[in-house]
Amino acid sequence: MSDETDRRDPGDVGPGFMDAAELTIREGIARYVIGFVLASLLTAASFYVLNTSLIWGPGIPVALIVLAIAQMGVHLVFFLHINTAPDNTNNVLALAFGVLIVALVIAGSLWIMDHLNQNMMPMHQMMQMQR
Amino acid sequence: MSATDTPFERAGDPYRVGRSRDWVSTGAGRGHVYATGHGEGGPASKRVIVGYGFWIFLLSDIVMFSAFFAAHAVLQTATAGGPSGRELFNLWSIVAQTAFLLVSSFTCGLSAVATEARNQLWTQVALLVTGLFGLGFLVLEGRDFAGMVMQGAGPDRSAFLSSLFAVVGLHGLHVSAGLLWLGTMMAQIFVKGFRADILRRLVCFNLFWHALDIIWVALFTVVYLIGLGR
Amino acid sequence: MFGKLTWDAIPWNQPIPLVAGAVVVLAVFAVVIWVVLKGYLPYLWREWITSVDHKRIGVMYTLLGVIMLLRGFIDAIMMRSQQAIAFRAAGYLPPEHYDQIFSAHGTIMIFFAAMPIVIGLMNFVVPLQLGVRDVAFPTLNSTSFWLTATGALLVNLSLVIGEFARTGWLVYPPLSELPYSPGVGVDYYLWALLISGVGTLMTGINFVTTILKIRAPGMSYLRMTIFCWTALAANLLIVAAFPILTATLGMLALDRYLGFHFFTNDAGGNMMMFINLIWAWGHPEVYILVLPAFGIFSEVISTFSGKPLFNYRSMVAATMFICLVSYMVWLHHFFTMGAGADVNAFFGISTSIIAVGTGVKVYNWLFTMYGGRIRFTTPMLWSLGFLVTFTIGGMTGVLLAVPPADFLLHNSLFLVAHFHNVIIAGVVFAAFAGITYWFPKAFGFKLDEGWGKAAFWLSLLGFYVVFMPLYVAGLLGMTRRLQHYDVAAWRPWVLVAGIGIVIMMAAAACQVIQFVVSVRRRNELRDATGDPWDGRSLEWATTSPPPPFNFAVLPNVQGAEPYWGIKQRAIETQQLSPEPKYEPIEMPRNSPTGFITAFFCTMTGFALIWHIWWMVALGLLAAYAVFVWFAWRDAVEYSIPAEEVARYDRERRRAREQWLAQHGGQPA
């Protein structure tokens, strides 16, 4: 049983670490360095965007979210090695399912709660708003 | 028998129906080297199974975070007359925390390369650095929280603060658990070496640590940066 | 020293819980003492408590579920009898007690009866149907079971020590917040569900991984049984939905323990958000229960009609469609909370759309039966009862999906009748069908048909007599959860429902008698070949009960319904396929990890409920220590030598050859 040995069989790898055994150390490190540099740039950009006048004020949250999604993508590709190889299909599908659920929960809750708060606002708060 | 046969077929059992010490389990079958999306090759290898199971666990964890995120998004303006984000957040601390976590993610990746090369020393060094940066992250976050509580802006002040402490705190709890796990793994590698089941656990730890950084990206963007804009 | 815990926690001045609690405690002690004196403890420890075998775990889950079904049923009897006599009268249950009963009834039935039975059946059957030896993470499986048992234990403990929640089974705030529920009731609920929720989530991860990554060679997705597809859908829903339950109950716990303000009346809390989040879990939850139930019916109906399931691909499509859309309908549980017409309209439409998936399934079952040779065995009777009764429940559901109608019927007995209609006809009938169907596989002998049929007919009749009047009472305006009422128009209907519960008690008695009689007659009811029903899927290829490793050689799957193909070939050629080459098999070792971890979680949960902080710390530390000790194991598997595998399998082949010779190709 492969438990007692650590023989590296090319087929015996986990998701996202598919080709780990075939890379040289240099290639392995390079992958992480590129990911680190890209992520750092995007992170710095996020903090920069916060205060700059380069982006129209109301658009700042959108820019931040786009940058966040880009950062998450860099992490997924360079650190978690998600790719589109055929043996990775289950991982990509699972990720897509997770993203869908998160989107439904957050977007659905925001839509619902916004409506509820509007319609069910306590009377004293409404009167405060009139002042 | 041809040159393109998998180890299985060479051993005369394309379907891996029995396991003995001589057998290598792979995700293969029917001539494919790796398990295809159709899974017709029979049961996948242990490494594939463990990695995939942990991946599903991470997705469930992300759904749990999304519930706390949703709560925070709804409660972002419920300051109940108390302090809001703009008055409370220390931007430089957030920058430092983000940097620490990102670096620790990077060094965690380096430790994976060292593990692949079966180098005990560099694996332990990289894991240690990862842990230290993770600890630094927690210290900074702890100081922020303590400062806010001192100011009377603890989680019991308003719903906004409750949701803030909860979502950021949940992440911190995960980082703490991760550090405990990291320490245990370092001990195990030291005592037992690069045994196959320990290697599988290291893969899981890597997935976990990188996922925590992904969640932090969402956290600092939505909670802190967008929150600062209000 | 012991936090809030004092001797007053025991309900000395409340006769009903005191006596009930005393009876249960005595019964438990009696069983434990009997087991110890008879010397069964080593056997139980070795073969069941520390087992990581999916078959053993499946049986334990199902047993837990059936016992809790009985406990929940007793709550139901109390409620029905209270309502039957409480017309312009106080009845025999004071409101503080009645509130705990309906809360406990719902909590126990959903979390500790229905879920364990469904998960237990999936545990037992799925690896066998996939043609493999066990699930992806066997020790995790054991831990899942024992954590669920922990939750059940905590809820039942509340009967004897302290009290249970008085808020209904979903503990809505602000009633469940500290100012209005200062006692330990809601805390019992929270920790029982937070702990068992972790167990259920781990089950979800386990089965998704198993079904997607561990199948017999040649078994592509479209060659799996429909039960496996529904199990996949249900477990995907578990993975996607249970984290939300954990999060939401966690937020409530933070409110109660650390003074947070998620759902409080003051400081900006938003109680409506609790309801939104809890139902975002709650709706997928009911599909987690009902999808495997549909899977069970698919198996039973095709087997006892002697035909393959009609239009397998549309069944798969309908299953995955339901799985996906179940995440888009949750607001229909709170139409009346005030989100407005546009939001209500969206969710009303999506709710009506999801009914289409089930409609497709019902037609497929009907077309499966059409043109088949139907055998009216007990499992088939449960399925037929389901088809008629569930359709009614589904229709009332679509009626409730129309927001204006729901504004009249929300929280009335019409709603109560609807969800009992679909859960009883769907999940409970499926539970009995599945248990009867797979019982011989698990234990080697069938259940007595006569008593089984009696139980079915009485259950069916009892169900209609209890719940059809409740539909009417709901339309006449009767609200749910009433401890007493004074509207004369409702009285006859409530009385009829009270009679119905007596019929259901007779049905329950028949179930118990069925079990006792079957055990007594087990030699006559013996299943010699492992295929008592002329089955079509791979679990029937094994012996009854199967050996620990399930299959001596993993089957080579060449089409859908692989076992049927194997059988027909054998019948045609009048001989079995040639003996395979036997190899040694590695199986996972048993482990006490699950049981010990759950023990410390019980301790931690109890300590959290009663605010015994030193015990909390101790429990958490101990649980972590157990985890590290388990992770330090060196010997993870044991090997079964090839000769022993050969011995098992040759015996199986002998039995099959005997059957072949005797029957010359006719089904059993």
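For this structure, a couple of remarks:
- As for the range C:227-248, it holds at least one residue that is under 30 Å from A:Pro122 (Cβ atoms), of a type outside the set (Val, Ile, Thr) and either at the interface with another protein chain (Cβ under 7 Å from one of its Cβ atoms) or surrounded by fewer than 21 Cβ atoms within 10 Å (Cβ to Cβ) (or both).
- Residues that are more than 8 Å from chain B (Cβ to nearest Cβ), in a helix (DSSP H, G or I) and more than 29 Å from B:Leu225 (Cβ to Cβ) within the range A:57-91 comprise just one, A:Asn88.
- One residue stands out in the range C:524-563 among those that are among the aliphatic types (A, V, I, L, M) and outside any loop (DSSP other than H, G, I, E, B): the one that is farthest from C:Ala433 (Cα to Cα), namely C:Ala541.
- Residue pairs meeting the criteria (Cβ under 7 Å; at least 6 apart or on separate chains; first at pLDDT 90 or above and assigned to a helix (DSSP H, G or I), in the range B:83-97; second surrounded by 15 or more Cβ atoms within 10 Å (Cβ to Cβ) and not hydroxyl-bearing (Ser, Thr, Tyr)): B:Ser93/B:Leu140; B:Ser93/B:Asp144; B:Ile94/B:Phe220; B:Val95/A:Phe47; B:Ala96/B:Leu140; B:Gln97/B:Phe137; B:Gln97/B:Leu140; B:Gln97/B:Glu141
- Of the residues screened, C:Arg481 is one that is part of a loop (DSSP other than H, G, I, E, B) and either touching a residue at least 40 places away in the same chain (Cβ under 8 Å) or of a type in the set (Gly, Ala, Ser) (or both).
- Summed over the range B:102-121, residues that are part of a helix (DSSP H, G or I), facing another protein chain (nearest Cβ under 10 Å) and either under 30 Å from A:Ile101 (Cβ atoms) or of a type in the set (A, V, I, L, M) (or both) total 10.
- Here the range C:569-593 is the region considered, the condition is being closer than 30 Å to C:Arg313 by Cα and of a type in the set (A, V, I, L, M, F, W, C), and the residue that is nearest to the other protein chains (Cβ to nearest Cβ) is C:Ala570.
Table: residues versus (1) more than 13 Å from chain C (Cβ to nearest Cβ); (2) in a helix (DSSP H, G or I); (3) not aliphatic (A, V, I, L, M).
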position: B:Leu140; (1), (2), (3): yes, yes, no
position: B:Pro155; (1), (2), (3): no, no, yes
position: B:Gly172; (1), (2), (3): yes, yes, yes
position: B:Gly178; (1), (2), (3): yes, yes, yes
position: B:Gly183; (1), (2), (3): no, yes, yes
position: B:Phe190; (1), (2), (3): no, yes, yes
position: B:Trp216; (1), (2), (3): yes, yes, yes
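- For the range C:387-399, the condition holds for no residue, the condition being that it is away from every other protein chain (no Cβ under 14 Å) and not in a helix (DSSP H, G or I).
- Evaluating C:Ser81 against the criteria (1) in contact with a Gly (Cβ under 9 Å, 6 or more places away or on another chain); (2) crowded, with 21+ Cβ neighbours inside 10 Å leaves one unmet condition, (2).
- Filtering the range B:135-167 to residues that are among the basic types (Lys, Arg) and surrounded by fewer than 22 Cβ atoms within 10 Å (Cβ to Cβ) leaves only B:Arg143.
- Each residue in the range C:509-560 was checked for being closer than 21 Å to C:Met380 by Cβ and polar (S, T, N, Q), and 6 of them qualify.
- Subset tally (residues that are touching a helix residue (DSSP H, G or I) at 6+ places or on another chain (Cβ under 7 Å) and among the aliphatic types (A, V, I, L, M)) for the range B:160-196: 11
- If only residues of the range A:92-104 that are within 12 Å of the chain's Cα centre (by Cα) and crowded, with 16+ Cβ neighbours inside 10 Å are counted, the one that is farthest from the other protein chains (Cβ to nearest Cβ) is A:Leu95.
- Options C:Ile596, C:Ile566; residue that is in a helix (DSSP H, G or I), more than 14 Å from chain B (Cβ to nearest Cβ) and closer than 30 Å to C:Ile226 by Cβ: C:Ile566
- The set of residues in the range C:607-636 that are exposed (fewer than 14 other Cβ atoms within 10 Å of the Cβ) and either among the small types (Gly, Ala, Ser) or under 30 Å from C:Pro584 (Cβ atoms) (or both) comprises C:Ala617, C:Ala625, C:Trp629, C:Trp632, C:Arg633, C:Asp634, C:Ala635.
- Considering only residues in the range B:45-66 that are within 15 Å of C:Ile238 (Cα to Cα) and aliphatic (A, V, I, L, M), the one that is nearest to the chain's Cα centre (by Cα) turns out to be B:Leu58.
- Yes/no for B:Asp197 being in a helix (DSSP H, G or I) and touching a Leu at 6+ places or on another chain (Cβ under 6 Å): no
The values are calculated or read from the model by the stated rules, or taken from the named source; none is laboratory data. Here the structure is a predicted model, which is why all the values come from computation and not from measurement. Here the Cβ is made from the backbone with ideal geometry for all residues, glycine too, and neighbour counts use every protein chain on show.
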